[in-house]
1. Nothing charged except the Cβ atoms of Lys and Arg (+1) and of Asp and Glu (-1): what's the magnitude of the dipole of the protein assembly as shown about its Cα centre? Round to the nearest 20 debye.
2. Averaging sequence separations of C-alpha pairs under 8 Å and six or more residues apart, then dividing by the length of region A:353-395, give the relative contact order as a whole percent.
3. List nothing, just return the count: lysine pairs in the protein assembly as shown, 8 or more apart or interchain, with Cα separation under 26 Å.
4. Got a sec? Charge dipole of region B:94-205, +1 on Cβ for Lys and Arg, -1 for Asp and Glu; which of B:PHE181, B:THR141, B:VAL197 is way out at the positive end?
5. With each label point set 7 Å from Cα along the Cα-Cβ vector, what nm distance links A:GLU222 and B:ARG222?
6. Could you give the radius of gyration (one decimal) and Dmax (whole number) of the Cα atoms in chain A, in Å?
7. Please compute the average number of Cβ atoms from other chains found within 10 Å of each residue's Cβ in peptide A:191-200.
8. Mind checking the angle between helix B:261-271 and chain B's longest principal axis? C-alpha axes, 0 to 90 degrees, to the nearest 10.
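Values quoted throughout were computed directly from the atomic coordinates according to the rules given, and no laboratory measurement underlies them. Because the structure is predicted, anything quoted here is derived from the model rather than measured. So basically every Cβ, Gly included, is an ideal-geometry build from the backbone, and we count neighbours across all protein chains shown.
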Amino acid sequence: MKKLSLLLALLLLLAGVLPMTAQDMLPYPSDLTECEVDLTGETINIFHFGDLSGPYAFITQPIVSAVTDAVNYWNGRGGVCGAELAQVYEDTGGSREAAQSAYDRFTSTYGGELDLLLLYSSDDGELLREQLAEDEIVSYIAAGSIESLYGEDGQTPGWLYASNPLYINQFGFFCQFVAANSVAFPDPVIAFVTWPGAFGQAGTEPAAREYCGGLGVEVLPEPQIFLPTDTDILTQVQNAVDGGANILYTNSLATGPALLAGTLVDLGLENEIKLAGVNWVMDTSVGILGQRVLKPDGLPSVDGMFGSMPFLWWTELSHPAVQFVTQQFNANNRSPAEQNIAYLVSWGVADAIIETTIRTANAVGSLDGVTGAAIRETAEAMDYAVLGGLYQHSFEKGMRDGVLNRIAVLKYANTTMSGAATGPDDALLIDDGAGGKLFVPIVVPLSDFMEVPQLRG
Amino acid sequence: MTEFINRNKRQLTWTLYAVAAVLLLLFIGDQLAGLKAARVVQTLISGLLVGGVYGLVALGIVVINKASGVFNFAHGWMMVVGGMIFWSFFTVSEISLMGAGLLAAATMLMIMTTVSYRNLLERRNLAIALGGTAALTALMTVGGIEWRWLHALSGTFAGAILTGLAVERFTIRPLIGQPLFTAVLMTLAVAEVLHGVTQIAWGTVELNLPVFVDPQTNSRFRPIRLEAFDGLAIIRVELVIAFILAIVAFIGFILFFRYTSVGLAMRATSEDQQLAQSVGLRVRVILAITWAVAAFLASIAGVLQGGAVGLSLNISFVALRVFPAVLLGGLESITGALVGGIIIGIVEQFGTLINSSEQAGTNLAPYVVLMLVLVIRPDGLFGEKRIERI
């Protein structure tokens, strides 16, 4: 914990902005709609459930922290339009049965009050897609699968709205990036070395392969699958390399990208083969865990890994949204390990829920009059910069996933904190609190926000 | 025709199995034919080494089963707890004297009261408990960061013993004499409790456990590279260490069960707890020792796995992957745990080599092999054939 605190404190320094003091609280960064109704005495519940203790717990736990902090923030300022903000949540442990039970319990307990639900995973989205539509409940989710957002045919928009682009679209966007940078990526051949399941294998569909092929980027048809519990993935990586790949793409989290990068170093292929992945590979956890193996040039194995970054990142402290969330993070004494994607984006989701609720209440004249159908109408009409620009909430023309993305690269800070290190000699190293040294990971965006290709078929 | 089939049912069944096995071998041979020899060698090495880790995990499950007949579904979570305790001592520069003292005191309390809480009333036992507490505390806190291996090993030892004894005392012991199935279900409950405790104590974030780090380079030990068979074979040092530890543990337990009175008593207890108690064996003590040993084995496996890929709650699922190895080797066989682990490791790797896209290596191949072996030897490769006398 101590080393993470140090590291994250340095991240703040790196961006040139120190945390504000308690007396110097920043204004809320969003341009929220004015309340036209007085909701004093009422309660707006933020409903959410998902895997808080199972395989994905290490990325989902900060969701509760972020929503808690948002609730406290608003209640400390008189609530939303006078209404008290509260959260109702359950842990499903990643089990479909538990997710179904939670849904049944929520709907039977809260009935008509439950019009907007925050979900965490594609699997839960797929499970509840039809039920949400039947019960007319809108769901916000960070990232959803094609089936959860658009149905089995990929053409039927449902009641779930994802802030991140579909993973297949993120992959297509990466192919665009590769095609546009032929010097860095000569004769590109991509192989998926990825986790199994709806998340892990998103992007391996023929449509994505065809799209990338059209851009001159070959994608090997057979993905190489590994499990989060795998100790050794030499076989999978060698399969991909023998197949001709010079770029390995992964939809995995934390230890997944780190294991992949370490295996490339073991094989001595760290310079020949490039690594890339879905937005989760840019998470702080990858930057830390990737330091277990150093490349021959002395930098961590994940240095130079490319990834999607469809939202702002902690290091972009020049933006009011990131300044605000960072300040709240510090003010609430959150554990440094929680300074990840989930905490940042969940503040955004809470903001989107508040804005949706205000607009809907304004439209119908009261909180009681708010229905799922009305929420849905609002959600689709909104073109809203969440937290003033953390990401864009825009679901026009039947869209159910985010359309903007950018490519970033994971690097490590240099000693002057003015950019990325080129080797261990100019790398910023901090004491890890246990006799060792730690590199300070940074995420460097390589492009502006641009529209992703639509590949769901 | 029907009569012919009925008369030769056994032979026909075996013929079908033989044909299936030949077809399978032909298919595998065809798939491997186009590959470089180096790939096959690499896959064999990876399988062997990963199998060593599986063997170590399987050993903990088998030890419990051998002594108590209980299949321990909590083993994976005991791995996580052990790994996390190690991490707590290994990565902290200043260890809390009070925290270490409490851990040592709780461990000694559990040890000294294994037979009865009244034992503590005796001055001699009390002195041993206090002396043990002081010694353990000293081992966990002596010196600075340069002593972290000692801190971590002694802390993990104490934590594992405490976990094993606590599980036995509060969940398994009350079920002595009850149907075994009840105890098996209890281990499922224990797994959930350990899950919750781990989450509360250490959170859910992935932790870096730098045990396999070369102090010269501050990087994980460089793997051994072998130029052979017109290619390169990589041998990861941490997996070699795990493999060696598995072999050492295997030899130790073989000797323990065969030549020590406690080991023999454990075997007797597993046959019939009530009968063992009636002939004067201290079933409580034997079960307590078994659980403590299994928890320590689980901790070692947790540290090795955590050191190799990082510490997270996902480590618990490694135990699930080991279940086919345990069944394949035989539920009560120490040799079977190691051999089963290695076979499953190799089968997984070759399955992945042949077909990684459909997860043939992890989802299909181990179970096909398990099925084939169980058809031929229902008690596993080294399992004891049980004869029920009426």
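1. Details: 44 positive and 75 negative charges, 903 e Å.
Here the protein assembly as shown has a charge dipole of around 4340 debye.
2. Numbers: 34 pairs, mean separation 12.0, N = 43.
28 percent.
3. Close lysine pairs under the 26 Å cut-off: 15.
4. Of the candidates, B:PHE181 comes out farthest on the positive side.
5. Calculated label separation equals 3.3 nm.
6. 21.8, 66
7. The per-residue average across the peptide is 1.
8. It works out to around 60 degrees.
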